1. Hey, among the residues in the stretch 37-60 that are surrounded by 13 or more Cβ atoms within 10 Å (Cβ to Cβ) and free of Cβ contacts under 8 Å to residues at least 24 places away in the same chain, which one's farthest from Ala95 (Cα to Cα)?
2. Taking the conditions exactly as written (surrounded by fewer than 17 Cβ atoms within 10 Å (Cβ to Cβ) and over 20 Å from Phe161 (Cα atoms)), does Leu16 satisfy them or not?
3. So for the stretch 25-38 (the condition being modelled with pLDDT under 90, in contact with a Ser or Thr (Cβ under 8 Å, 6 or more places away or on another chain) and over 16 Å from Leu143 (Cα atoms)), does at least one residue qualify?
4. Inspect all residues belonging to the stretch 32-44 and state whether any of them is over 24 Å from Asp163 (Cα atoms), in contact with a Phe, Trp or Tyr (Cβ under 6 Å, 6 or more places away or on another chain) and of a type in the set (Val, Ile, Thr).
5. Name the single residue that is surrounded by the most Cβ atoms within 10 Å (Cβ to Cβ) among those in the stretch 61-76 being under 20 Å from the mean Cα position of the chain (by Cα) and among the polar types (S, T, N, Q).
6. Could you list, in sequence order, the residues of the stretch 60-75 that are of a type outside the set (Lys, Arg) and touching a Phe, Trp or Tyr at 6+ places or on another chain (Cβ under 9 Å)?
7. Between residues in the stretch 113-133 that are surrounded by 21 or more Cβ atoms within 10 Å (Cβ to Cβ) and residues that are basic (Lys, Arg) and in a helix (DSSP H, G or I), which pairs lie under 6 Å by C-beta distance while being six or more apart or on different chains?
Amino acid sequence: MTTAITDNMTFLIILLPLVVTATAFGRHIIGMKLFGPYICIIMVYAAIALGLIPGVGITIAVYLISSLMRYLSRKLRMHYIPRIALLTTILAVVALIFSTETSIFGSLAFAKELSLVLLLGLSDSYLTAEIQKGYMEAGKMFLQTLILVIILLLFASWAGFRDILSTYPFLVLALCLVANIYIGRWKGLRFNEIYRFRSVIAQKAKEL
């Protein structure tokens, strides 16, 4: 017995390569400092399940708590994995307190509960970025990733965009394939580099 795929499932499947393609475009064409595509996927899908404002709010809260705990745990001189375990435990305690004392998480469906857990699990990636790149660089990565995610969520909440993805799924997939080949072979300046070196580019254009 076969079951027809729903429009919502088609939308969620087609959205996956779009999120990854947008991440590649943002990093290699625009020059944004972003976390990896899988983090963007988790952020987008979790926010779709939880809602735009709760999803973004929880994402920001997890990042801020991760940054605070990294600062406090540095004095303990702990190994990396126990530090991650400590951070995850504290985030779980915070989430449990909120779910017990408020109705924010009290009546979530399984998909929303899973989305919340995945967002809490991103603390590992945030902590790793802060250790490797420092607070400032990791903060820039988080902020620019969040901006990209919010843009994608605004498109995902647009009924016309959802209809296009559900009506022409294979066309969208084909465009993603072409776009990724183009991005993968891109050798030109990124948009932020064009802006940064605009005076040099203008001078070279005058010389030519």
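1. My answer is Pro37.
2. No, not satisfied.
3. no
4. no
5. The residue in question is Ser66.
6. Ile60, Val62, Tyr63, Ser66, Ser67, Tyr71
7. Leu127/Arg70; Glu130/Arg70
The values are calculated or read from the model by the stated rules, or taken from the named source; none is laboratory data. Computed from a predicted structure; not experimentally measured. Neighbour counts are summed over all protein chains in view; Cβ atoms, including those assigned to glycine, are modelled from backbone coordinates with ideal geometry.
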